Amino acid sequence: MQLYATQMILSPMAQIRLKVTDTYSLHRLVMDLFPHRYDGQGSELPSGIQWVDCGEHIFGREIRILSKVSPCVLNFGNSGVEDCKIITNPILESFFDKETYRFSLVANPFVCKGSGQRIPIRDELEIGKWLDMKAEGSGFKAVEKNVDRIRPLIFNKGRNRITLHTARISGVLKVQEKEKFIETVGRGIGRGRAWGLGLLQLSLKI
């Protein structure tokens, strides 16, 4: 499975021109980078888009994107792309040859009651257990983890107000089954991937 890592940095002027104001506007912006693509039989190819808002820094607002297809910068037209820095690189197969990685994950941890109601998890220890449960069968184990930034993500989608309870989990993971782990990276963890949640960010442990 080929994966692509994209870094998009939006200058303050680009954010104004592209009307970036909240999570939904970022979702719209990311989706615009990926046109519908089809195979020889006319079936739409899965894009597997995941993204995370890394916030503001000296160069602008950074968005990291993981996808199964490369983005199309031309989709921006003339609406501010000159104020954006977009860099895409294919992830080499050799990147997944390591046994341990540092990771960071902004997720939407919750439990489902018998009625189907989703109850957000706000306790640090319970959030850690939630990740352990997600890791089972996903090809890895979190051997070190820290939980912080437990807070609601609130934004409007049309006339609907959406609230997702989120937390950041970071630490060190150990790969147990390589193929399952790669599938997990390409799929993401938990719900809310359209809204910038679930992207398992990895870096090599030195």
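List the aspartates and glutamates whose Cα sits under 18 Å from the Cα of Lys19, skipping any in the same chain fewer than 8 residues away.
Qualifying aspartates and glutamates at Cα under 18 Å: Asp32, Asp53, Glu56, Glu62, Glu82, Asp83.
Using θ = phi - 60° and the Karplus form 6.51 cos²θ - 1.76 cosθ + 1.60, what ³J(HN,Hα) does each residue of the range 119-128 get, whole Hz, x for Gly and Pro?
Result, ordered by residue: 9, x, 9, 10, 7, 4, 5, 5, 5, x Hz.
Between the alpha-carbon centers of the range 107-136 and the range 8-32, tell me the distance in whole angstrom.
What the calculation gives is 30 Å, centre to centre.
Using a simple charge model, +1 on the beta-carbon of Lys and Arg, -1 on the beta-carbon of Asp and Glu, nothing else, what dipole does the chain show about its Cα centre, in debye to the nearest 20?
Around 600 debye, computed over the chain.
Can you pick out the pairs among Lys85/Lys145; Lys134/Lys157; Lys145/Lys174; Lys98/Lys141; Lys85/Lys174; Lys85/Lys178 whose Cα atoms lie more than 21 Å from each other?
Flagged as over cut-off: Lys85/Lys145; Lys134/Lys157; Lys85/Lys174; Lys85/Lys178.
Just one of [x] 30, 17, 16; [y] 27, 22, 18; [z] 85, 18, 14 is semi-axes √(5λ) of the Cα gyration tensor in Å calculated from these coordinates, so which is it?
Answer by label: [y].
Which of the peptides 11-23, 143-155 is most tightly packed, and how do the rest follow, going by the mean number of other Cβ atoms within 10 Å of each residue?
Averaged packing, sorted descending, gives the order 11-23, 143-155.
Let's test the formula: R0 of 35 Å, r as the Cβ-Cβ distance of Ser203 and Arg118. What FRET efficiency results, to the nearest 0.05?
Efficiency for this residue pair is about 0.70.
Can you tell me how much longer the chain between Arg159 and Asp32 gets when fully stretched, taken as 0.36 nm per residue apart minus their C-alpha distance, in nm with one decimal?
My answer for the length gained is 43.6 nm.
All of the numbers you see were taken from the coordinates with simple rules; none came from a lab. Owing to the predicted nature of the structure, the values given are computational and were not obtained by experimental measurement. Counting neighbours? That spans all protein chains shown, and the Cβs are built from the backbone with ideal geometry, glycine included.
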